Structures are given as structure tokens and as C-alpha cells.
């Protein structure tokens, strides 16, 4: 029986009422008395030396408050990178400065050169056009392999080359890896591109900076997934402000997908300028600006080789990847192609020898950082494509080949630094085979063929590492932050509860799911519990929401804090019931003495905590507890996906006819929300696989700079999904046994789509073994006719 | 956008007068012009809205059986009101953009803009329509003169477009995946005296007639008549969404599908 409240219930998302009725309060809805507006003058060339920025004419324009250039920020820090990667020779990564406004050079189209603050945005824009600018154009560094060569034009003149780091994970002995491949019965090799994406959340980024002269307090309202991280980075590394004098608020945020994790120059600018101008300063990104200033995602070029023995066991895996970091290091960019990517190359398989090589490159493009899945989609795509290609080359069933090589014993130490705590890959595959009705595929293919279409079936597996991770481990790996989270459970006198959480909900449904957990633990109605998030002045120091971590990490902190609350409440109840604390039981919101009919209600206990007349003297009044939770390990959601496509052989058009996801997320708090997260993730994965392509020309001009050329997935591009979450191996090391579900769909779906298209083409006699994403009609047609 | 004056005349004569001032710009539904202004890529001194001119609104059937559509008629109005009199054209209008675009964008605006991937130029050229302006009547064959280029003079207004109604017609549009303009669109119209085939989205010269296909289909109206014909890819558009060869191939496929749809 499905539950109707608490853990396991598909409680309706309470926040949707305000979102769907236009009552949300987004950052752009915030207008502060006296605010001025900033317009950023951005470079329209990819790479050049700034030889003149004359703002004198602009400063005299109507409404102009102040014009800023790079010179105004020479005394403050640049945008920091939160993860120091050590290269394979033991050297730290090359870490060039990232100024708030360009100093000396521009390094990508969209790089901000000057900022005009004026009474209105139009006046600021008028004045920006009056800035006299000379830029000596330099050759744009665009091709990663060429950029890695000696003598290549340098993106950063002070670095020794364009390689941020040359990193390796897994087997360090090249000779051993070579030997595995030399002795293999079969080797499958694949060159592939993981296409650059633009996240494009529905809400573009916004920042409003405010400074109170009387108290010297700053407030920054911003579209962020993690306000405390923004405050820490901005105070400690960029502007040098005392943290206690700065409040960062991330109110309703209209989608993040990773791109709103990072600390951006515009946030620091608005905070800085609010004091410099003695006026609040607001910036609202246009969609065009978002394309050239939001961190992009993916952009890997890889070669992957899989070695198999005569029995089709995987015996070795080697990858060589060029990862594009863009012109500057965005906040967590360095971790994505390394610790979030290389560590996942084992996938669901017990391959004994794995070597991952990654060269991370600076180019004259927008910085690249985490985007839904962050490194794990790139790993999964490579691995699941090469496994599929191997199955085709060997003439074996792709599911059987996968099953044969699955990890089946847990815990499992991979050759690439992770320990999978639990999983049941065969069980999950069983669920997929049933849910996707794979036995009926042959009949569906015949029906498609009768209509002149080619039908293909694509299968893949994925594993991801979420709930990142023990702070002591990530610290050794180079993280410059802890990765715990925190929650404060504040019980009010009348028994209602506010939970202040470090996680931030920007579409995920925390406002519904988190209260389900607390209400379930106490046995009260969900409506008595509300979470507070997104305001550093209200919440404990938590790390925010990304990497499918919120419930696994912050939710665990919330459970711990709620346990503390219950323990204390039991002491009060014991006093009221004149019983021993050890005999007190809490069920359905009633404290009772075991084996008696004596009980006291939750609300009577909470009232007593705040009106402590009849109260245990040794217990402090009040009922409020905080817990910080640092996970013992990652969590490892895993799954198996099936995609069925039809290909129009005349045009190359691909249509997705069916998509089925079988995921193992461990325990599930709200099945409806989890389904929705998977739906959204698959939609974005299908977008990457079929449609989305952030493309530059050789001069560094962004070709897909608007929705006219950047194809977002629309409702009619995707099918109704089948999802099955009944395969559940609970996480072994967090109190809820949850694993995280936010990114799975985006990780698992691209290879399923591409595998399906290739299966369709091969079924039609076209021996095509790879097409790079997006698998657009023109690319499919070219592959069929090439 | 930059500041501009705004005028909303209620007669064609007043609109023509208003467009006589320097750097004045006619505004139809604004589906191209307004985004252009927002990006500060144009700076007209005044915008003259044509949307309140009653005599430029609506769809009617003329005495000779042709369908006349007022220049300021929205795509949504054409999709609804021409469905009985010229169904293929109504279907074309119903596939333009999205509902917001269709309820603002106008036939006159689309044809005057002559975007190389727009749908209406193919419908007008394929139908052999007559573009009626405040001063003259221009055959579609003379009107469309290349990407974003038409026979219109400065300040000249498309007051209506007159479509002869073919025995059968079909518009086959292959979507550019991002903009959902036509990557290639083929409008085929079969008249008693022959077949017209107009192609949008494909050529660097804008909308064009595929005369070899017209001749072949006029002789023998069946799919196989196209078998040995091919479009020269040299003048085709190449971009992120398709190569020259792909577009040339699609012209043929879409033409075949238009034949299938009208046979």
C-alpha cells in the first residue's frame, strides 16, 4: 500500500502552488529602494590585448552613476577556484588569475571589460556604447589538441602552456597497461566527443548588491544553489569582507542544473559597487548574456579503449581525454574532468586494470564547469558507448555482455579510487527488461519497418557517485572546501517546526520532501513542518545543493538534529509522565510510557519546553537542535536504461518512441518527486544526445548564441517515460539509506539514445559504428550516406 | 532598444504619410523587428504600426475565386479563416512558430522581411500569388529577390496578398531543430495549367522555384517523375544544422512528400 504521508508518500509539492500561480519571489522580483542598474560591456572578440578603455565620455552620459574597469579591481582578489588538482607528476595545476573585469586581455566572447552603473538599464547601456575601446586581436585558441602543442598561442601569457593539468588515475604503470592490451583477445577503440552544452535554466542569473552605510552590512541577493559558499568565497577570496557583515540570499531560484553553483564575477561586482556607488546595484542577465557568461558544461574529446579476453571478460580499459576548461577556472571546474569523471570509469563493471588520462585545457571560450551530472555523464557516455561497440564487433548480446562483467560482490573497491558500498546491477537490469518489454521489441521493429522506418534499441547502464563526500578524503584530493551539510530543527512552543537547512531548493521539491522525513520521525502532520533555506542570516553553514547531495547529506544532518530534538523531548515527557526516560516511546505524535496507557502529546511537551513551569531542572528550556553531517562515503545510485528510436532513413530524423529507466536510488522519500527528477534528467540527456550543441567557429565566435541556433529539448521531442524504482539497495552509511536521484537521468540517457540510433542504422544494413552528439538529422544522414 | 516615436494609423493613407518621415519603419506583428530592436541592431526614428488598419485585416474570397489576405492578418487568423478556402495555405500558417508568434506575426510582415527560412515566401511563390501594395501589384516571381531582399520600395506597404487557389497543394516543412524555422520547406501547388514548386530554407539566394521539378511534375504528376532530378548543392546554405548536400537532398525528399500529399 502506498503511504499517504511521511517517508514513502507521494505528497504533492507544496511549493508548486506559488510557482504555478506566479507568486514565486525570484531575485529579479527583488527591487531595493534607490537601486541603480549595471550593464556589462562584454568582449565581442575571443582573444585580444586591451590597448585602450576610455570611459570619459560614458561618465558624462545622462543617469550614469559610475563606470568601472579592470583598474578598479586591482586591489581585490579574482574569482577563486575551489579545487586544486595535482597533475600526474605531482605538480599543482596551473591556476591563472580570473579578474572581475578584464585586465590586460580579453579571453572569450562575453568576457566583461567594463561595467556602467546608471539610474536605468537603458542609460547604462547607452553609456556603455560611448566607451572608447581598442583591442588588438590575437589568434583564438580553440582546438584543444592544437592548444596542447609546444608553441601554441597562450590564453594566459604567464603560464608555461595551455595545459591546466595533465592528470592520471588508476594504473600508473604504462607497461602493465600496454601488456594487458597486447594480450587481449579483442580490443575495441572509440574516438568520441562529449558536446559542449549551455545549461539554460529558465531563470537567467540575477544579482542585487546592497550596502548599509550606517551598519556597514552588505546584502547580496543572487540566483545561487549555495548561498553560504558564495558568501565564503566572496568574502575570503575576492572582496576581503568580514563574513559576519555580509548576508547572501538566494530566494526562489528558477532552475540551476549546476550552473548556479559557482561564484560569478557579477555577484562580486554588485556587492562591491553597492558600496562604491552608495546605492544598491542590480544586474539581470539577458538570455544572450547567459549564453556567453554562464559556465558551460561537458566539452570533452576522448579516446577510449576496452580490452577483452577470449571469454569476453573486460580485462583493461584506457582513456585519453582532452577536457575544455574555457578561458578561466570556474569555481569547481578543475574537479569535473578528474575526481568526478575519472573515478567513474569503472562503471558497473569489474574491469581489473583501468588507466584514465585527462589533459585539461585553457581555450578562448566561456569557462566550463559542472552541469547536471558533472563528469559522470562524460564517463558513462564513453564507457557505455565502447561496451556497445564491443558487443556489436563481437556479435554478442549487449545486455549479456554487460551482465557478464557486472560487479556482483559488495563492497567493491574499483581500480579508480572508489568503494561501491552496495548495489544489485543484475536485479536492476531484470527490472529494466521487464519494464521496457524487451521481448516485444522484435515485433515493434517489424511494425516500424512496415512504415518505412528503422527501429533501434539502445541499452546502457550507469553508476554515479553522489552525496560527495567525506571532507577528509576530498581534502586530500584537492578540495578547498568541506563537503558536509547542516540543519537546525527549531521546534516552536505550539509544536510546529522550522528546519533551517544548508541545502537549497531550486526546483527539487525540498520544501515538500524534507518535512516528510521530520514529520514521519515524530508522527505529526507534514503541514506542521516547514524548511527555511537560501538565506545565510537564517540557516546554518551548509554547502548547498548540487551533485544529488541534498537528502543524502543535508537530509542526514536533519535526521541527526531531529533525533537530538526527540531525545530532549523524551526527557521532558518523562518528567511530565513521572516515568523513566528509558521507558518513553514516541509514536504518532504521542509520548507514552511503555506498557501503560499514560501519554502526553507532542504539543504539550513542546509547550512545556518553552513554558518550563513543571520542568526537569537539569534540562535547558527550549527545543532547538543543530547537527552537522559529514558522510562516510559517496552514495552510488545506479541503473539501467532502454531507449527505442525510429529513424527516418530518408531524412535521418530520429524520434524517440520509448524510454525506460530502472534506477536503484536506495530508499525513496517521495516517489513522485523522484519520478519527476528522473523525467527532467532524461529530458536533458535527450537534449544532449539529439539536439543541444554549443558551437564556436575557429575565431572563437559563438555560433549557437541564442535559441535560434541552440536547440533545447521541447515537450514533443521526448516521449512519455517509463520509470521503475523498485530495485532498492539502501545506502549503507547514511541514516535514511538514500542515494540521490537528481542527476541520474542526465547521466544514463545519452548513451542509451546514441546506442539506439546506431542499432537502428545497423538493422537497416548501414554499418555505422559511431555518430557524435548531438545526433542531429544531418549527422545521421551524413553517416548513412558517408 | 533605442528610443523611437510610435504611431498607430488607422488608414493606409495615414500609414504611408507616417512612413514618409526619415528613418521611419513599418511594424507588422514585430516578431522579427522587436527582437532586432531589443538587441539594438536597428534604430528607426519612428515605428508605424500597421495593426490597426481595418482594410488590411482578414481573409476573403474574391469574385475570380482567388483568396485575398490583408497584409496585417495574423498567421493564426489565416490558419483559421483560410482553412475552407485554401487549406494548404492555412496549414502553412498554422505551422509557423508557436502560438505567440502566430497570434502576433502577420503575412505582410513575413513576406516583406523575406527571411530565407520563412514559410510564407514559399507559399506565396509556390502559389504564384500577387503582392498588392499601396501603389501597385507585384507578381511573386518578381517580388522575392534574394535573402531579406524584395521589390518593395522605401515606405511601400503590403496591403494584401492575393492567392490563386490551386487544385491541390501541400507545404512540407523539415524543421530546423532550434528555431523551428524551415531547414527546408517545399510548397507544391498543382494548377490546371501546371505545377509550381517553391523552396524555402535551402538556398543562399532565398526562396526559389525548382523549375526542373515543376516541368517534370507538370508533364507527369507522380513521385517517380522526380527520380532523376537533383538540386545543385552549390548554392545551398551550410550551417550548424545542415550541409549543402543535406539541404539539397532534403529539397528532393520534401518535394516527393508534397507530391504524395497531393496525389
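Observations on the structure shown:
- Single unsatisfied condition, residue B:225 versus (1) assigned to a loop (DSSP other than H, G, I, E, B); (2) more than 30 Å from residue B:50 (Cβ to Cβ); (3) more than 14 Å from chain A (Cβ to nearest Cβ); (4) touching a helix residue (DSSP H, G or I) at 6+ places or on another chain (Cβ under 8 Å): (1)
- Set B:10, B:45: member being surrounded by fewer than 15 Cβ atoms within 10 Å (Cβ to Cβ), more than 14 Å from every other protein chain (Cβ to nearest Cβ) and in contact with a helix residue (DSSP H, G or I) (Cβ under 9 Å, 6 or more places away or on another chain): B:10
- Single match in B:160, B:127 (criterion: surrounded by 14 or more Cβ atoms within 10 Å (Cβ to Cβ) and either closer than 20 Å to residue B:200 by Cα or at pLDDT below 95 (or both)): B:127
- At least 1 residues being away from every other protein chain (no Cβ under 14 Å), at pLDDT below 95 and closer than 30 Å to residue A:744 by Cβ is the threshold, and among the helices (runs of 4 or more DSSP H) wholly inside region A:210-293 not one reaches it.
- Answer from B:91, B:68, B:83, B:112 - the residue that is touching a strand residue (DSSP E or B) at 6+ places or on another chain (Cβ under 7 Å) and farther than 27 Å from residue B:10 by Cβ: B:91
- Among the candidates B:216, B:248, the residue that is within 14 Å of another protein chain (Cβ to nearest Cβ), over 24 Å from residue B:151 (Cβ atoms), assigned to a helix (DSSP H, G or I) and touching a helix residue (DSSP H, G or I) at 6+ places or on another chain (Cβ under 6 Å) is uniquely B:248.
- Within region B:175-193, the set of residues being crowded, with 24+ Cβ neighbours inside 10 Å, in contact with a strand residue (DSSP E or B) (Cβ under 7 Å, 6 or more places away or on another chain) and either closer than 14 Å to residue B:125 by Cα or at the interface with chain A (Cβ under 9 Å from one of its Cβ atoms) (or both) comprises B:183, B:185, B:186, B:187, B:188, B:189.
- With respect to the conditions (1) in the same structural domain as residue B:99 (by TED's automatic domain parsing); (2) in contact (Cβ under 8 Å) with a residue 60 or more places away in the chain, residue B:143 falls short on a single one, namely (2).
- Matching entry among A:547, A:507, A:555, A:478 (being surrounded by 24 or more Cβ atoms within 10 Å (Cβ to Cβ) and modelled with pLDDT under 95): A:547
- Taking the criterion of being touching a helix residue (DSSP H, G or I) at 6+ places or on another chain (Cβ under 8 Å) and either assigned to a loop (DSSP other than H, G, I, E, B) or farther than 23 Å from residue A:469 by Cα (or both), the residues of region A:626-647 that qualify are A:630, A:631, A:637, A:640, A:641, A:642, A:643, A:644, A:645, A:646, A:647.
- Filter result for residue B:149 (away from every other protein chain (no Cβ under 14 Å), within 30 Å of residue B:18 (Cβ to Cβ) and out of contact with any helix residue (DSSP H, G or I) (no Cβ under 7 Å at 6 or more places or on another chain)): yes
- So residue B:201, is it modelled with pLDDT of 95 or more, on the phi > 0 side of the Ramachandran plot and either away from chain A (no Cβ under 14 Å) or under 19 Å from the mean Cα position of the chain (by Cα) (or both): yes
- From the list B:234, B:258, the lone residue that is within 30 Å of residue A:195 (Cα to Cα) and more than 12 Å from chain A (Cβ to nearest Cβ) is B:234.
- Filter pass, residue A:688 being closer than 18 Å to residue A:776 by Cβ, away from chain B (no Cβ under 14 Å), crowded, with 17+ Cβ neighbours inside 10 Å and touching a strand residue (DSSP E or B) at 6+ places or on another chain (Cβ under 9 Å): no
- Of the numbered criteria (1) within 14 Å of chain A (Cβ to nearest Cβ); (2) out of contact with any helix residue (DSSP H, G or I) (no Cβ under 6 Å at 6 or more places or on another chain), the one residue B:66 fails is (1).
- Options A:415, A:377; residue that is at pLDDT 95 or above and touching a helix residue (DSSP H, G or I) at 6+ places or on another chain (Cβ under 8 Å): A:377
- Within region A:96-120, tally of residues that are outside any strand (DSSP E or B) and surrounded by 18 or more Cβ atoms within 10 Å (Cβ to Cβ): 11
- Condition check for residue B:234: out of contact with any helix residue (DSSP H, G or I) (no Cβ under 6 Å at 6 or more places or on another chain), at pLDDT 95 or above, assigned by TED's automatic domain parsing to the domain that holds residue B:189 and within 20 Å of residue A:782 (Cα to Cα): yes
- Taken together, the criteria place residue A:486 among residues that are surrounded by 24 or more Cβ atoms within 10 Å (Cβ to Cβ) and under 28 Å from the mean Cα position of the chain (by Cα).
- Counted residues, region B:16-32 - those being under 22 Å from the mean Cα position of the chain (by Cα), buried (at least 19 other Cβ atoms within 10 Å of the Cβ) and away from chain A (no Cβ under 14 Å): 4
- Residue-level analysis places residue A:63 among those that are within 14 Å of chain B (Cβ to nearest Cβ), modelled with pLDDT of 95 or more, farther than 22 Å from residue A:288 by Cα and surrounded by fewer than 19 Cβ atoms within 10 Å (Cβ to Cβ).
- Members of region A:696-729 that are in contact with a strand residue (DSSP E or B) (Cβ under 9 Å, 6 or more places away or on another chain), buried (at least 16 other Cβ atoms within 10 Å of the Cβ), in a loop (DSSP other than H, G, I, E, B) and away from chain B (no Cβ under 11 Å): A:718, A:719, A:725, A:727, A:728, A:729
- The numbered conditions (1) out of contact with any helix residue (DSSP H, G or I) (no Cβ under 8 Å at 6 or more places or on another chain); (2) crowded, with 18+ Cβ neighbours inside 10 Å; (3) assigned to a helix (DSSP H, G or I) are all true for residue A:608 except (1).
- Checking each residue in region B:126-146 for being touching a helix residue (DSSP H, G or I) at 6+ places or on another chain (Cβ under 9 Å) and outside any loop (DSSP other than H, G, I, E, B) picks out B:126, B:127, B:130, B:131, B:140, B:141, B:143, B:144.
- Residue within region A:655-666 that is without any contact (Cβ under 8 Å) to a residue 24 or more places away in the chain, under 16 Å from residue A:757 (Cβ atoms) and either within 14 Å of chain B (Cβ to nearest Cβ) or part of a loop (DSSP other than H, G, I, E, B) (or both) present: yes
The values are calculated or read from the model by the stated rules, or taken from the named source; none is laboratory data. Note that the structure is predicted; figures quoted are calculated from it, not measured. We place every Cβ from the backbone using ideal geometry, glycine too, and count neighbours over all the protein chains shown.
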